[in-house]
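The values are calculated or read from the model by the stated rules, or taken from the named source; none is laboratory data. This structure is a prediction, so every number in the text was calculated from the model and none was measured. Please note: Cβ atoms are built from the backbone with ideal geometry, for glycine as well, and neighbour counts cover all protein chains shown. Surface areas here come from the heavy atoms of the whole protein model, side chains and all, with no ligands, DNA or RNA. Shrake-Rupley method; radii C 1.70, N 1.55, O 1.52, S 1.80 Å.
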There are 2 protein chains.
Amino acid sequence: MLGYPDNSVARLINTDFATIKKDMTIAEAMEHLRQFHKDTEAANVIYVIDDEGRLIDDIPVRRFVLNDPNKKKIEEILDGYCDALNIKDKTETAIDKFKEYDRIVLPVVNDENILLGVITIDDVLDVAEQKDTEDIQKFGGMESLDYPYVKTPIFSLIKKRAGWLIILFLSEMLTTTAMGHFSDELSKAVVLAIFIPLVISSGGNSGSQAATLIIRALALKELTLQRWWYVMRRELFSGFVLGTILGAIGFIRILLWQKLHIFDYGTDWLLLSFTIFLSLIGIIMWGTLSGSMIPIILQKFKLDPATSSAPFVATLVDVTGLIIYFSIAAVLLKGTLLK
Amino acid sequence: MLGYPDNSVARLINTDFATIKKDMTIAEAMEHLRQFHKDTEAANVIYVIDDEGRLIDDIPVRRFVLNDPNKKKIEEILDGYCDALNIKDKTETAIDKFKEYDRIVLPVVNDENILLGVITIDDVLDVAEQKDTEDIQKFGGMESLDYPYVKTPIFSLIKKRAGWLIILFLSEMLTTTAMGHFSDELSKAVVLAIFIPLVISSGGNSGSQAATLIIRALALKELTLQRWWYVMRRELFSGFVLGTILGAIGFIRILLWQKLHIFDYGTDWLLLSFTIFLSLIGIIMWGTLSGSMIPIILQKFKLDPATSSAPFVATLVDVTGLIIYFSIAAVLLKGTLLK
């Protein structure tokens, strides 16, 4: 089984299974089973094969018990319907087929329909769980682990985390470059700096929400790539509403702090609070848009959508969010705070 | 079944199952099954009950076929071993028991051991998947959805997201407060502001990685709360190594940009780059520490560890990260940049 790719069902195959021929009588078949098979899970479904080993049908063992005892031959109790997996199928396909066919065990054949083994649903349960673990770890902004956390050696753990952390760090350096460009504005209005973490993090948070929803919907096949326009409209609208809510809270905060003399934002505090209000709407809409579209674009290019992790989306939105913030500030505060 | 809590196995129970009495002969039992049961999945395992309906044992139907035909009575082919779920068990317990016992179907009894129904593994597969979806959505920083993304009405979608977004926004306002306190330092050294997004986001990213690992390990029961000290040591060490790597990259970046005249960080650029180096180590260690300990603390207090979402950890580390950054700057740059 080692010749097949890592993510094929070949890894899960179990070669302990029971076969009979269709020209046996039912009594012969039962005698054959008693002689060659133990009372284990493998004897729950019996496979009917031809002389070349090709799969003809499957019989749940209950059918021997429940059928009309007057029937004599195996071929009389076949239903002529048998779902099977191909040895080259991916494990994801196996999960889907188990759900679709509502089965507990499925036979595995090769391209010539030769029966090679069986796969049971509990192995698939483990694979589905492993797949979810990988998606979750990727979404946390790291390479997925090969072994459970407690069994992963410390330096292997660090290696799995360092790669993405360095990529994110190098990308986030663009915020330094962007802010370097705005250092003139910053030295004129230090008060602008005070709101930077608040404003850019909101974009990251709303983007992280959108990315989660889309990545999971794609993984469960609830959503197809063709519906990107539907997703985009929904997310832009959600972003607008969420941005308006947070923008209003931000506006009220500045108003209250100023009026209650908790902090002095200077004479142009009203213009400043409008800057925050509009920036939040713009940045949160940008966050929901990029958070939802990046997984779709990745899947379109046959890359894993789960790579669009929360930290990845947050980093992207940090860089662009700063540009949105300072651009809105440049327009609104020109001639006043930024004279 | 409506009297049981939402997360109990009562929701998954199937009342289509086959029962026999232990004093039947095997021939009588088979005749009984043929008469009262169709050829469906429900007939894969037969349950032996007493006159009051109490569960005595289960028999896989294959045992009728595979057993010595000389045995006459049902009680002769019982193995005296029968795993069951209690109707009050949580669905999570059911998932664990299916994995532990390696079974495809399990009977469900009440406190009096009366057989009420059965649960099959494919129903549990759906529940496990639903549970993972909830965890993933919570980790993305929102309430989990009740329906798939594409079936959730837009205002319900916004409502599920707004709550956490507002909580995170209000918490992140503490960054504004913190930076207000440091506005003196900021106006003296605007160059400090330029590095804020870079420095605090690194803490959020490393914290998000740690939180993912711990939340998933707790969900899969790979990790128990008793091992918090082991986790803390591992995460502090990982944070130190990762912080040193990123710190070194940050240090080199300032050095290169200064020497290549890409940007002028002023005469005290070397002290500034030491500030960035040390801050990154401190903030990333703080990130891995809080990211790993918050899920453990939440579970300790019987709260859902998945609530410690990537955005939640990032927000916490943003606030404390700023304090770490400005404190290190205050010490290192006192008398020079911050004179």
- Message: Only sites in a loop by DSSP and with at most 10 other Cβ atoms within 10 Å count here; which GluC sites (Glu not before Pro) in the range A:31-118 make the cut?
- Response: A:GLU52, A:GLU112
- Item | Built amide H within the under 5 Å cut-off of B:ILE56, gap 5+ | B:VAL48, B:ILE49, B:ASP50
- Task: Using just the alpha carbons, could you tell me how many Å³ per residue the convex hull of the range A:12-152 encloses?
- Result: 132 Å³
- Note on the structure: the range B:228-338: Kirkwood hydrodynamic radius (Cα pairs, Å) comes out at 15.4 Å
- Which distances, in nm and shortest first, link the A:ASP23 label point to the same label point in every other copy, taking 7 Å along Cα→Cβ? 4.9
- Taking N as the number of residues in chain A, what is its Cα Rg relative to 2.2 N^0.38 Å? 1.51
- Message: Modelling each spin label as a point 7 Å along the Cα-to-Cβ direction, I'd like the B:ASP126/A:PHE237 distance in nm, to one decimal.
- Response: 2.9 nm
- Message: Sort A:MET142, B:MET30 by heavy-atom solvent-accessible area, probe 1.4 angstrom, most to least.
- Response: B:MET30, A:MET142
- Task: Can you tell me the equivalent ellipsoid semi-axes for the range B:208-282? Use √(5λ) from the Cα gyration tensor, largest first, whole Å.
- Result: 38, 11, 7
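Please work out the Kirkwood hydrodynamic radius for the protein assembly as shown, using every pair of different C-alpha atoms, and report it in angstroms with one decimal place. Before the final figure, lay out each step's value.
Working: mean 1/r = 0.0353 Å⁻¹.
Hydrodynamic radius (Kirkwood, Cα only) of the protein assembly as shown equals 28.3 Å.
Is there a pair in A:LYS188/B:LYS334; A:LYS72/B:LYS71; B:LYS90/B:LYS159; A:LYS138/A:LYS160; A:LYS99/A:LYS300; A:LYS38/B:LYS97 whose C-alpha atoms are over 19 Å apart, and which pairs would that be?
On the way: A:LYS188/B:LYS334 23 Å; A:LYS72/B:LYS71 23 Å; B:LYS90/B:LYS159 28 Å; A:LYS138/A:LYS160 10 Å; A:LYS99/A:LYS300 25 Å; A:LYS38/B:LYS97 24 Å.
Going by Cα-Cα distance, A:LYS188/B:LYS334; A:LYS72/B:LYS71; B:LYS90/B:LYS159; A:LYS99/A:LYS300; A:LYS38/B:LYS97 fall outside the 19 Å limit.
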- Message: Bins of 5 Å, beginning at zero and ending with the bin holding the largest distance: percent of Cα pairs per bin for the range B:294-339, please.
- Response: 5, 20, 15, 13, 12, 9, 9, 7, 5, 3
- Residues with amide H under 5 Å of A:VAL61's amide H, sequence separation 5 or more or different chain, H placed in the peptide plane at 1.01 Å from N; which? A:VAL45, A:ILE46
- Message: Give me the percent relative contact order of the range A:242-329, please, defined on Cα pairs under 8 angstrom at least 6 residues apart.
- Response: 31 percent
- Just from its helices, what would the mean residue ellipticity at 222 nm be for chain B, if runs of 4 or more DSSP H residues each count -39500 (n - 2.57) and the sum is divided by every residue, rounded to the nearest 500 deg cm²/dmol? -19500 deg cm²/dmol
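Give the relative contact order (percent, whole number) for the range B:116-169; include only Cα pairs under 8 Å separated by 6+ residues. Don't skip to the answer; put the middle values down first.
Working: 27 pairs, mean separation 14.7, N = 54.
So the answer I get is 27 percent.
Could you tell me which helices of chain B pass both thresholds, a Cα extent of 18 Å or more along their own axis and a mean Kyte-Doolittle hydropathy of at least 1.0, with helices taken as whole DSSP H runs? Don't skip to the end; give the middle numbers.
Numbers: long enough: B:121-139 (27 Å, -0.75); B:154-181 (40 Å, 0.91); B:196-219 (34 Å, 0.94); B:228-259 (45 Å, 0.81); B:269-300 (45 Å, 1.59); B:310-332 (31 Å, 1.98).
Membrane-span-like by this rule: B:269-300, B:310-332.
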- Tell me the distances, shortest first, between A:ASN110 and the same position across the other copies, using label points 7 Å along Cα→Cβ, in nm to one decimal. 5.6
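Give me the percent of DSSP beta bridges within chain B that run antiparallel, rounded to the nearest 5.
Working: 14 of 20 bridges.
Close to 70 percent.
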- Task: Hey, can you grab everything whose amide H is under 5 Å from the amide H of A:THR19? Only 5+ residues off in sequence or another chain; H modelled, so Pro and N-termini drop out.
- Result: A:TYR47
- Message: Under the rule that an exposed site lies in a DSSP loop and has at most 12 other Cβ atoms within 10 Å, name the longest stretch of chain B with no chymotrypsin sites (Phe, Trp or Tyr not before Pro) of that kind, not counting the sites themselves.
- Response: B:82-300
- Teacher prompt: A:THR267 distances to equivalent labels in other copies, 7 Å Cα→Cβ, nm: 3.4
- Using alpha-carbon pairs under 8 Å, 6+ residues apart, how would you state the relative contact order of chain A in percent? 17 percent
- Message: What do you get for trypsin sites (Lys or Arg not before Pro) in the range A:58-145 restricted to DSSP loop and a cutoff of at most 16 other Cβ within 10 Å of the site's Cβ?
- Response: A:LYS71, A:LYS72, A:LYS88
- Query: Which FRET efficiency value, to the nearest 0.05, is calculated for B:SER187 and A:THR177 with the Förster distance at 25 angstrom and r the Cβ-Cβ distance?
  - Reply: 0.65
- Message: Report the Cα-based extents of the range B:115-162 along its three principal axes, largest first, to the nearest Å.
- Response: 45, 21, 17
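Taking a quarter of the surface of the Cα convex hull of the range B:24-75, what do you get in nm²?
Values: hull surface 14.8 nm².
With the hull built on Cα positions only, its mean projection is 3.7 nm².
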- Message: Per 0.36 nm of contour for each residue apart, how much would the distance between B:ASN70 and B:THR336 grow if the chain were fully extended, relative to their Cα-Cα spacing?
- Response: 86.0 nm
- Task: Nearest 5 is fine: what % of DSSP beta bridges in the protein assembly as shown come out antiparallel, could you say?
- Result: 70 percent
- Query: What do you reckon, how do A:ARG54, B:ARG234 stack up by accessible area (1.4 Å probe), largest on top?
  - Reply: A:ARG54, B:ARG234
